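The numbers here are math on the coordinates, done by the rules we state, and not lab data. Please read these numbers as outputs of a predicted model, since none were measured by experiment. Reconstructed Cβ throughout: ideal geometry from the backbone, glycine too, with neighbour counts over all protein chains shown.
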Amino acid sequence: MMALRETLRASRLAWSSAVLQEYRQINEALWERYRRREITQAGLAVERFRQLLARLGAPIRYARRLDRLFIASLSQRGDLLPGCRALLLRLARGYRLAIVTNGIDRVQRSRLRAAGIERLFVAVVTSEGCGFAKPDPRILHVALQALGVEAHEAVYVGDDVRVDGEAARAAGVRFIWMDRGTPLPRGARRPRCRIVGLGELLEVL
């Protein structure tokens, strides 16, 4: 959210909660297309700003410029949930940790460095880097191989029941749902294991 606000303000475009909601709707629809392999990640990155500019009544020719500004801003942000750093430090003492994300490879790695937590992870697996996007379970297979563990030895924590949960289930990995208050998608299975805060994760494990 902060990166988007900085991008729009730097481009002298309106910023409001309504604009944020417009962006989120556009972005989610395009990520769904990406997961179905109907659009490339590079295409997604520019198209979301083309559509946003069109809705704002601004020239769509500025979409690539906005994409560059947004990626630069996002890459520098190391924002973490409250308690995240302390939790990861504790987990890293007893577990081999990996990140699995559909995000852009260079952006995700840059954000980890900005947050000062990159060293805590044995592997960072991105859809761009491995060629598979969640909910395709093969992205988790890549992570399991990098960690050197079998599916039954791993636990996957995610906040998207459909994307994260389906990938974990198909890969045979136990799933812990980080419930951040988002309603369950229609037809989605409610996970057996649910937490509402990072502080609960150690107890569950």
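Number of residues in segment 9-54 that are part of a helix (DSSP H, G or I) and in contact (Cβ under 8 Å) with a residue 12 or more places away in the chain: the value is 22.
Of all residues being surrounded by fewer than 20 Cβ atoms within 10 Å (Cβ to Cβ) and touching a Gly at 6+ places or on another chain (Cβ under 9 Å) in segment 124-141, which is nearest to R189 (Cα to Cα)? Just the residue, please. Looking at residues that are surrounded by fewer than 20 Cβ atoms within 10 Å (Cβ to Cβ) and touching a Gly at 6+ places or on another chain (Cβ under 9 Å), I get P137. Scanning segment 108-127 finds one or more residues that are under 20 Å from E38 (Cβ atoms), touching an Asp or Glu at 6+ places or on another chain (Cβ under 9 Å) and of a type outside the set (G, A, S). Here D67 meets each of (1) surrounded by fewer than 16 Cβ atoms within 10 Å (Cβ to Cβ); (2) within 23 Å of R33 (Cβ to Cβ) with one exception, condition (1). Within segment 86-109, if we keep just the residues that are among the basic types (K, R) and loosely packed, with under 15 Cβ neighbours inside 10 Å, the residue that is farthest from L120 (Cα to Cα) turns out to be R106. Restricting the search to segment 162-175, which residues are under 26 Å from P82 (Cα atoms), surrounded by 21 or more Cβ atoms within 10 Å (Cβ to Cβ) and aliphatic (A, V, I, L, M)? The one that is under 26 Å from P82 (Cα atoms), surrounded by 21 or more Cβ atoms within 10 Å (Cβ to Cβ) and aliphatic (A, V, I, L, M): A168. If the condition is being within 14 Å of the chain's Cα centre (by Cα), outside any helix (DSSP H, G or I) and under 19 Å from Y156 (Cα atoms), then segment 104-131 contributes V124, V125, T126.
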